[in-house]
Amino acid sequence: MSAFVRVVESGSFSAVARELNATQSAISKQVAALEAALGGRLLTRTTRALSLTEEGARYFEQARRLVAEIAEAESAVRSGGRELTGWLRVAASVGYGRLRVMPLVQSFLARHRSVRVDLRLSDGFVDLIEQGIDIAVRLGELPDSSLVARRVATTPRWLMAHRDHLRRLPKARRAPRTPEDLLHHNCIVYTEVPWRSTWKFTAGPGAAEPVGSARTVQVQGNLQTNSSEVIRAAVLAGMGIGFSPTWLFEEELASGAVQHLLPDWEAAGIPIHLVSPPQRHQSAKVRAFAEHVAQALGQGKK
């Protein structure tokens, strides 16, 4: 039943075989044995795709719930109800995963020594159900979906440049003092957000404009990327101006190597959410990890 559920979720026998460290033939035989025991076909197989039969679709919804409940019950019995056990699959973006999520995984594992974490980092879209993810840490506004989401923090977003880049600017092109000055600078664009090259600012108490005045600038530059790690590398190399969450340059901002530009103009922060598939968010491991992350982000670094 577990093999069948994961085949449907991932859409692939080979993906489940890799996940379970088995052969594709072994997984296919397990599903075939389940079909034989039930006396009906659950999946329609072609050379290009898998699809559920009408009976398979009805069975899948109940089987998925039962598999999750059985796994939770077995975990409780093995530990005597005293500790968490088994695998927890966690997803996050590359930069935030490296700098923020990994330390939280480390402290979580130190507290729950019978848990094993599979941490998967990607800056692209990750289908939590297809990939078998238990919980994901996601930055930004979330689209409507069937996933269960919990907002746990907001991270500030600043305009930043390396001091070497600012030193190399020609005398006629000073460091930006207003949002409109960005039109004359090389800006590094991150493509994994809706605003991309449309950068929005609001005047703060120190700005020359009335507090709350809004400015929107359509920036340009010779580099755009879908990777926060590339944004970080480009800013540190002095290639241009970045518009990024502060955690990406925490040490460099503290040392002065990277400088905060337009400090009197504010930008909307980036929300941080914990997201789980509906059939997994009630798991004891998921709940414990969610509380661990929420407490850390609520009281400490965003």
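Here, each number is a calculation from the coordinates, and none is a lab measurement. All figures in this text were calculated on a predicted structure; none of them were measured in a lab. Cβ coordinates were reconstructed from backbone atoms using ideal geometry, including for glycine residues, and neighbour counts include every protein chain displayed.
Which residue, of Arg196, Arg157, Arg113, is closer than 30 Å to Glu19 by Cβ and not small (Gly, Ala, Ser)?
Going through Arg196, Arg157, Arg113 in turn, the sole match is Arg113.
Among what's in region 147-182 and is hydroxyl-bearing (Ser, Thr, Tyr) and touching a Pro at 6+ places or on another chain (Cβ under 8 Å), pick the residue that is farthest from Ile272 (Cα to Cα).
Of everything passing the filter in region 147-182, Thr155 is farthest from Ile272 (Cα to Cα).
For region 249-262, enumerate the residues that are free of Cβ contacts under 8 Å to residues at least 60 places away in the same chain and more than 27 Å from the chain's Cα centre (by Cα).
Passing the criteria: only Ser255.
Can you tell me which residues in region 187-222 are surrounded by 17 or more Cβ atoms within 10 Å (Cβ to Cβ), in contact with a Ser or Thr (Cβ under 7 Å, 6 or more places away or on another chain) and part of a strand (DSSP E or B)?
Passing the criteria: Val189, Tyr190, Ala203.
This table checks each residue for (1) closer than 20 Å to Val126 by Cα; (2) surrounded by 15 or more Cβ atoms within 10 Å (Cβ to Cβ).
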| position | (1), (2) |
| --- | --- |
| Val5 | yes, yes |
| Ala15 | yes, yes |
| Gln24 | no, no |
| Gln30 | no, yes |
| Leu43 | no, yes |
| Gly56 | no, yes |
| Glu74 | no, no |
| Val101 | yes, yes |
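Taking into account only those residues within region 123-146 that are part of a loop (DSSP other than H, G, I, E, B) and in contact with a helix residue (DSSP H, G or I) (Cβ under 8 Å, 6 or more places away or on another chain), which is farthest from Ser276 (Cα to Cα)?
Within region 123-146, the match that is farthest from Ser276 (Cα to Cα) is Asp123.
Among the residues of region 1-57, which ones are under 30 Å from the mean Cα position of the chain (by Cα) and assigned to a strand (DSSP E or B)?
Leu50, Ser51, Leu52
Of everything in region 246-284 that's touching a helix residue (DSSP H, G or I) at 6+ places or on another chain (Cβ under 8 Å) and part of a strand (DSSP E or B), which residue is surrounded by the fewest Cβ atoms within 10 Å (Cβ to Cβ)?
Among them, the one singled out is His260.
Select, from Arg113, Arg120, the only residue that is under 30 Å from Pro277 (Cβ atoms) and either in a strand (DSSP E or B) or touching a strand residue (DSSP E or B) at 6+ places or on another chain (Cβ under 8 Å) (or both).
Arg120
Taking the condition of being surrounded by fewer than 20 Cβ atoms within 10 Å (Cβ to Cβ) and closer than 17 Å to Phe13 by Cα, how many residues in region 130-142 meet it?
2
Taking the criterion of being charged (D, E, K, R) and in contact (Cβ under 8 Å) with a residue 40 or more places away in the chain, would at least one residue in region 14-25 satisfy it?
yes
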